[in-house]
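Reviewing the structure listed below.
Every read-out reported here was derived from the displayed coordinates using simple, explicitly stated rules and does not represent laboratory data. Computed from a predicted model, the values in this text were never measured in an experiment. All Cβ positions, even for glycine, are placed from backbone atoms using ideal geometry, and neighbour counts span all protein chains on display.
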There are 4 protein chains.
Amino acid sequence: MLRIVLEEITSHIKSLDIDDEAVKLMENYLINSSKIFICGYGESELVGKSFASRLSEIRRDVYVVSETIVPEIDEGNVLIAISGSGETEPTLTITKKAKSIGAKIISITSFTDSPLAQISDLIIEIPGRIKAKTKNYIERRVSGEYEPLTPFGTLFEISTRIFLEGIIAELAEK
Amino acid sequence: MLRIVLEEITSHIKSLDIDDEAVKLMENYLINSSKIFICGYGESELVGKSFASRLSEIRRDVYVVSETIVPEIDEGNVLIAISGSGETEPTLTITKKAKSIGAKIISITSFTDSPLAQISDLIIEIPGRIKAKTKNYIERRVSGEYEPLTPFGTLFEISTRIFLEGIIAELAEK
Amino acid sequence: MLRIVLEEITSHIKSLDIDDEAVKLMENYLINSSKIFICGYGESELVGKSFASRLSEIRRDVYVVSETIVPEIDEGNVLIAISGSGETEPTLTITKKAKSIGAKIISITSFTDSPLAQISDLIIEIPGRIKAKTKNYIERRVSGEYEPLTPFGTLFEISTRIFLEGIIAELAEK
Amino acid sequence: MLRIVLEEITSHIKSLDIDDEAVKLMENYLINSSKIFICGYGESELVGKSFASRLSEIRRDVYVVSETIVPEIDEGNVLIAISGSGETEPTLTITKKAKSIGAKIISITSFTDSPLAQISDLIIEIPGRIKAKTKNYIERRVSGEYEPLTPFGTLFEISTRIFLEGIIAELAEK
């Protein structure tokens with residue numbers, strides 16, 4: 001079973017259909033924004049923190065929205081919202097607020113027609129997530145409504161983590 | 001100025017009008033619930049974590065909703081929701097969900113007529129907070145809408161912290 | 001018992017012997033440092049996060065060492081180390097490292113003769129803590145070696161929290 | 001560059017030399033321990049939290065050592081220590097303490113001859129990490145001593161994350 005999971009995950013990553021244009025746009029946003037904000041809940045938050053930690057190492061001014069220190073977001077700043085379903089709360093509410101202030105929104109999601117994707121300036125599509133019944137992340141946990149426990153349970157998060165490591169390597173090279 | 005703040009805070013704490021009946025009820029809930037959940041955002045989350053840490057020391061089975069490990073809440077379990085305004089999101093949404101499952105809700109708030117208080121089984125009133133313009137905590141931070149910076153800025157949280165320390169002392173004695 | 005605890009805590013806060021010269025020095029450090037770092041573990045970490053959150057609101061560039069985003073500390077930057085015993089690990093190790101880089105150290109502790117105080121540029125003495133048997137904070141938790149559960153259990157942390165709120169009020173006024 | 005990174009990471013995962021005996025032992029420990037503790041710092045902490053979150057979903061009683069609620073570890077409990085270098089502080093100190101209490105230690109590391117591996121009851125070897133100059137994780141961050149920024153920068157953490165997802169799938173099946 002362990003070997004099957006490893007095989008499935010690597011196949012999934014290899015099959016990622018990377019949109020070179022979107023990647024280039026994402027990198028431009030990350031290079032040019034004076035402040036970068038990262039938003040996600042649950043496993044998406046952990047992926048976001050890893051990415052934030054790496055961005056910080058290459059000297060970008062980055063903040064994780066759920067941590068203690070969060071300056072206000074300014075017009076033209078970039079918010080990266082990570083949500084497999086594209087409808088996780090409170091990610092969606094925060095993204096809407098940031099957009100209303102004039103921030104540029106990059107969403108990383110499995111669903112390009114989700115509410116999150118629809119308000120984004122740039123969508124990075126990472127397949128792997130199926131739709132959850134309950135939209136609010138913490139609500140879901142409190143009620144014990146977990147994602148299906150397939151080997152693919154966290155495929156979206158693992159793929160996103162690896163994709164973002166690739167982005168870091170590209171930025172570090174520049 | 002420092003001395004004035006210390007004086008104001010101690011006066012505020014001394015003037016807390018403690019409802020002995022409510023305290024007794026709260027202690028009964030904390031003693032009898034097989035699992036205790038703590039929920040709060042921003043400074044209220046920090047106060048909640050302190051209280052959770054202390055409850056854990058006196059061997060209560062306690063969970064902070066925003067941390068990694070959160071079992072599902074069962075009927076009859078206790079959720080303590082801390083929110084000065086009584087309308088902070090996502091605290092309110094989580095509390096509603098917990099109530100719908102049959103959890104007992106203890107709210108700690110400055111406003112006994114707030115949405116949070118209205119769905120609570122027990123209200124602990126701790127004055128100190130004035131109404132915020134924006135209900136969503138993280139949204140508020142992202143938009144830079146901070147609380148007024150008076151010496152009373154975090155009076156609710158400090159008073160709640162001390163009140164809860166008193167609760168721990170009572171429980172430890174029993 | 002609850003009323004006794006409230007009474008004891010307020011008495012303790014009122015009896016804080018504030019060194020005006022030290023407070024003035026601390027404020028100068030906080031105003032002039034281009035980056036401020038906060039370090040503490042356990043309840044001291046929660047107090048540190050509250051202070052960091054408030055410093056951030058008055059537009060200081062502040063970082064909590066235990067969070068995801070921590071730039072490197074530069075010569076002349078300020079590190080605030082909070083430890084009741086003045087010998088908590090990993091606080092002490094981090095403070096030594098910061099000092100070796102040339103950072104200015106402000107320690108907040110109950111013990112002016114502790115290892116932490118001895119390497120500090122400025123000591124803020126807040127009484128309330130008695131000596132712990134085990135120095136390493138997390139080690140202490142894993143082994144279940146808690147602080148004595150007196151009403152004074154977290155007197156140091158509560159007093160520090162209120163003292164730091166006073167500092168914020170002074171800085172906000174300036 | 002992005003495609004090279006994805007290719008390198010998948011190759012690395014495919015080349016993982018899984019010791020079936022070790023995996024079986026690890027699963028037995030995870031099934032039989034009444035409490036499971038997870039310890040790691042930096043990116044290893046994020047990987048540990050993901051694993052803890054997944055273990056919790058399959059109803060294991062699990063705790064992340066760096067979070068607020070940590071009961072004491074008892075004889076026979078399992079501690080999983082994640083450290084690429086196998087000498088990260090404070091992971092090593094905590095692991096030693098847990099071992100002295102009689103806990104069973106599972107280490108996940110790139111170095112089977114590291115101090116962490118040497119005190120472990122079971123070593124899971126995940127290659128990918130090169131030796132860091134400074135052992136203390138937070139000290140390393142404060143001093144700006146980051147890992148080399150190759151595409152392999154976080155290869156250990158990503159591989160560990162995927163390996164642990166495989167363990168969850170195996171446990172979920174049982």
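The table below gives the values:
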{"item": "Built amide H within the under 5 Å cut-off of A:GLU89, gap 5+", "result": "A:ASN136, A:TYR137"}
{"item": "Trypsin sites (Lys or Arg not before Pro) restricted to the range C:32-72 and DSSP loop, no more than 13 other C-beta within 10 Å", "result": "C:ARG59"}
{"item": "The range D:1-97 shape via C-alpha gyration tensor axes, a/c threshold 1.5", "result": "prolate"}
{"item": "Sequence-distant residues sharing a close amide H with C:ILE124 (under 5 Å, placed H)", "result": "C:SER107, C:ILE108, C:THR109"}
{"item": "Computed magnitude of the charge dipole of the range B:1-92 (debye, nearest 20; Cβ of K, R +1, Cβ of D, E -1)", "result": "380 debye"}
{"item": "For chain B, calculated [θ]222 nm from helices alone, where every DSSP H run of n ≥ 4 adds -39500 (n - 2.57)", "result": "-14500 deg cm²/dmol"}
{"item": "Mean-position separation - Cα centroids, the range D:92-130 and the range B:69-124, in angstrom", "result": "42 Å"}
{"item": "Average partner coverage of C:107-115, which counts Cβ from other chains inside 10 Å", "result": "0"}
{"item": "Label 7 Å beyond Cα on the Cβ vector: B:SER11 copy-to-copy distances, nm", "result": "2.2, 7.2, 7.2"}
{"item": "Amide proton proximity set for C:ILE36, modelled H, under 5 Å, gap of 5+", "result": "C:ASP61, C:VAL62, C:TYR63"}
{"item": "For D:ASN28, inter-copy label distances in nm, listed shortest first [label point 7 Å out on the Cα-Cβ vector]", "result": "5.0, 5.9, 6.6"}
{"item": "Neighbouring partner chain Cβ atoms per residue of A:17-25, average, 10 Å criterion", "result": "1"}
{"item": "Given charges at beta-carbon only (K, R positive; D, E negative), |dipole| of the protein assembly as shown in Debye", "result": "0 debye"}
{"item": "Counting DSSP beta bridges with both ends in chain D, the antiparallel % (nearest 5)", "result": "0 percent"}
{"item": "Per-residue ³J(HN,Hα) for the range A:38-55, Karplus 6.51 cos²θ - 1.76 cosθ + 1.60, θ = phi - 60°, Hz, x for Gly and Pro", "result": "10, 9, x, 10, x, 4, 5, 5, 5, 4, x, 5, 4, 5, 4, 4, 5, 4"}
{"item": "Net charge, A:LEU25 excluded, C-beta distance under 15 Å - Lys, Arg +1, Asp, Glu -1", "result": "-4"}
{"item": "Candidates D:SER110, D:SER120, D:SER50: whichever shows maximal mean-square fluctuation once chain D is modelled as a Gaussian network with Cα springs under 10 Å", "result": "D:SER50"}
{"item": "Dipole axis of chain A (+1 Lys, Arg; -1 Asp, Glu on Cβ), positive-most option in A:GLY166, A:SER143, A:VAL23", "result": "A:SER143"}
{"item": "FRET efficiency, D:LYS174 to D:ILE18 (Cβ-Cβ, R0 22 Å, nearest 0.05)", "result": "0.80"}
{"item": "Dipole magnitude (debye, nearest 20) for chain A, charges at Cβ of Lys, Arg, Asp, Glu", "result": "320 debye"}
{"item": "Two-site label geometry, C:ILE4 and C:ILE119: point separation in nm, points 7 Å out along Cα→Cβ", "result": "4.0 nm"}
{"item": "Prolate/oblate/rounded label for the range A:79-119 (Cα gyration tensor, a/c 1.5)", "result": "prolate"}
{"item": "For C:ILE119, inter-copy label distances in nm, listed shortest first [label point 7 Å out on the Cα-Cβ vector]", "result": "2.1, 4.7, 4.9"}
{"item": "Relative contact order (%) - chain B, alpha-carbon pairs under 8 angstrom, separation at least six", "result": "22 percent"}
{"item": "Three-way shape label, the protein assembly as shown, alpha-carbon gyration tensor, a/c 1.5", "result": "rounded"}
{"item": "Rotational relation A to C, axis-closest Cβ in chain A, residue and distance rounded to whole Å", "result": "A:GLU67, 2"}
{"item": "Highest-MSF residue in chain A out of A:ILE94, A:ILE124, A:ILE80 [GNM, Cα springs under 10 Å]", "result": "A:ILE94"}
